[in-house]
Amino acid sequence: MSVSICKICKEPIWSFHCLDCLSKDIEKWISPKLLDSFREFHSSFMRHFDNSIDTTFEYCLKCKAERKSIVCSFCYINEFLSWIKAKDPEAAKKLRRKFIFGFEHRGFDKFFRNTRLVPITEDRCYRVTIGLCDNCGEFTENLTYHDGRWVCEECLEMAD
């Protein structure tokens, strides 16, 4: 049996809810004025972590469909919390009160006081030009940021 690993926290994903189901639930809760911006955030997040080589599939507990397992629900919601803090701080406070995973007052509260106001997918400072290509997965010393992904020279040539 293979276990999916979250690409952010590197922990096993034991109870899998697909990110599309999570985003649909968030869309019910989020302010209508932020809906289009949230959909852009979700699309960017999905593109950022999409890697055809290092992808496992799991059955979503909610929609029962086989989906890519890329990050855990906790990390996705934390990224959403980082995103919404910058857009609507009051909504971020409401989310923190309503959706705390039972961690409050047990040492994990500081996790929700993340001072980073930009989600991983929008933070341009954390990537360098040396690393793994988001398309083929090969290590290279010459990555280029293209269409929201970091790609090697060969993949960049194929894209053009």
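Within the stretch 53-65, how many residues turn out to be in a loop (DSSP other than H, G, I, E, B), in contact with a strand residue (DSSP E or B) (Cβ under 6 Å, 6 or more places away or on another chain) and hydrophobic (A, V, I, L, M, F, W, C)?
Within the stretch 53-65, residues that are in a loop (DSSP other than H, G, I, E, B), in contact with a strand residue (DSSP E or B) (Cβ under 6 Å, 6 or more places away or on another chain) and hydrophobic (A, V, I, L, M, F, W, C) number 1.
Would you say Glu27 is among the acidic types (Asp, Glu), at pLDDT 80 or above, out of contact with any Pro (no Cβ under 7 Å at 6 or more places or on another chain) and more than 22 Å from Gly148 (Cβ to Cβ)?
no
Check Lys68 against each of (1) at pLDDT below 55; (2) outside any helix (DSSP H, G or I) and name the one condition it does not meet.
For Lys68, the failing item is (1).
Which residues, counting only those in the stretch 30-51, are touching a residue at least 40 places away in the same chain (Cβ under 8 Å) and more than 17 Å from the chain's Cα centre (by Cα)? Before the answer, list the steps.
Our first condition is that a residue be touching a residue at least 40 places away in the same chain (Cβ under 8 Å); within the stretch 30-51, this holds for 30-31, 34, 37-38, 41, 44-45, 47-51.
If the condition is that a residue be touching a residue at least 40 places away in the same chain (Cβ under 8 Å) and more than 17 Å from the chain's Cα centre (by Cα), then Ile30, Ser31, Leu34 are the ones that fit.
Here are some residues: Lys87, Lys94. Which one is exposed (fewer than 15 other Cβ atoms within 10 Å of the Cβ), closer than 23 Å to Cys21 by Cα and at pLDDT 60 or above?
Lys94
Looking only at residues in the stretch 20-44 that are assigned to a helix (DSSP H, G or I) and touching a Phe, Trp or Tyr at 6+ places or on another chain (Cβ under 6 Å), which one is surrounded by the most Cβ atoms within 10 Å (Cβ to Cβ)?
Phe41
The values are calculated or read from the model by the stated rules, or taken from the named source; none is laboratory data. Everything numeric in this text was worked out from a predicted model, so none of it was measured. Backbone-built Cβ (ideal geometry, glycine too); neighbour counts: all protein chains shown.
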